[in-house]
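What follows is a short report on a single structure.
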Amino acid sequence: MTGDELARLLEEGSVTLLDVRTPEEFSGEAGYPCDPRQGHIEGAVNVPLDDLHYGVEAALSGIDATKLFVTYCHSGQRSEIAAALLRAAGHDASNYEGSWHEWSQREA
């Protein structure tokens, strides 16, 4: 999925966006110097990849699972694993390949 596709889906409200980075990356307390800014995509829910490894349904407790899940991380690698775990558990999931590295370059 591209950034433009994600932006359109977010505007439509038709996705549940999962940030699978660490809580520190999500909050902006930690990150990578190659990114112009730190933080997360507005509307995202932080569900670290490790939590999904220990149990998808438990990690998704209280999260709207009726929409397409779109996962992202810093560069698309952790989020691809997360999307695969979600699909294996029976959910509709897609990976935003550009992830935070790409999104952080957009206007805030």
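The numbers here are math on the coordinates, done by the rules we state, and not lab data. Computed from a predicted model, the values in this text were never measured in an experiment. So basically every Cβ, Gly included, is an ideal-geometry build from the backbone, and we count neighbours across all protein chains shown.
Summary table
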| item | result |
| --- | --- |
| Residue, nearest to the chain's Cα centre (by Cα), within segment 80-97, restricted to residues that are of a type outside the set (Gly, Ala, Ser) and closer than 15 Å to residue 64 by Cα | 86 |
| Restricting segment 36-50 to residues that are assigned to a loop (DSSP other than H, G, I, E, B) and β-branched (Val, Ile, Thr), the residue that is surrounded by the fewest Cβ atoms within 10 Å (Cβ to Cβ) | 41 |
| Residues being touching a Lys or Arg at 6+ places or on another chain (Cβ under 9 Å) and assigned to a helix (DSSP H, G or I) - total across segment 68-79 | 2 |
| Residue list for segment 88-108, restricted to those being in contact with a Phe, Trp or Tyr (Cβ under 9 Å, 6 or more places away or on another chain), surrounded by fewer than 19 Cβ atoms within 10 Å (Cβ to Cβ) and without any contact (Cβ under 8 Å) to a residue 60 or more places away in the chain | 91, 92 |
| Only listed residue being assigned to a helix (DSSP H, G or I), touching a Ser or Thr at 6+ places or on another chain (Cβ under 8 Å) and small (Gly, Ala, Ser), chosen from 65, 82 | 82 |
| Residues located in segment 85-108, provided they are charged (D, E, K, R) and in a helix (DSSP H, G or I) | 87, 102 |
| Test for residue 55: is it in contact with a Gly (Cβ under 6 Å, 6 or more places away or on another chain) and either surrounded by 15 or more Cβ atoms within 10 Å (Cβ to Cβ) or farther than 16 Å from residue 3 by Cα (or both) | no |
| Members of segment 44-68 that are of a type in the set (Phe, Trp, Tyr) and closer than 14 Å to residue 99 by Cα | none |
| Count of segment 10-34 residues which are touching a Ser or Thr at 6+ places or on another chain (Cβ under 9 Å) and either surrounded by 18 or more Cβ atoms within 10 Å (Cβ to Cβ) or closer than 19 Å to residue 62 by Cβ (or both) | 8 |
| Qualifying residue in segment 71-80 (condition: surrounded by 18 or more Cβ atoms within 10 Å (Cβ to Cβ), in contact (Cβ under 8 Å) with a residue 24 or more places away in the chain and more than 22 Å from residue 8 (Cβ to Cβ)) | yes |
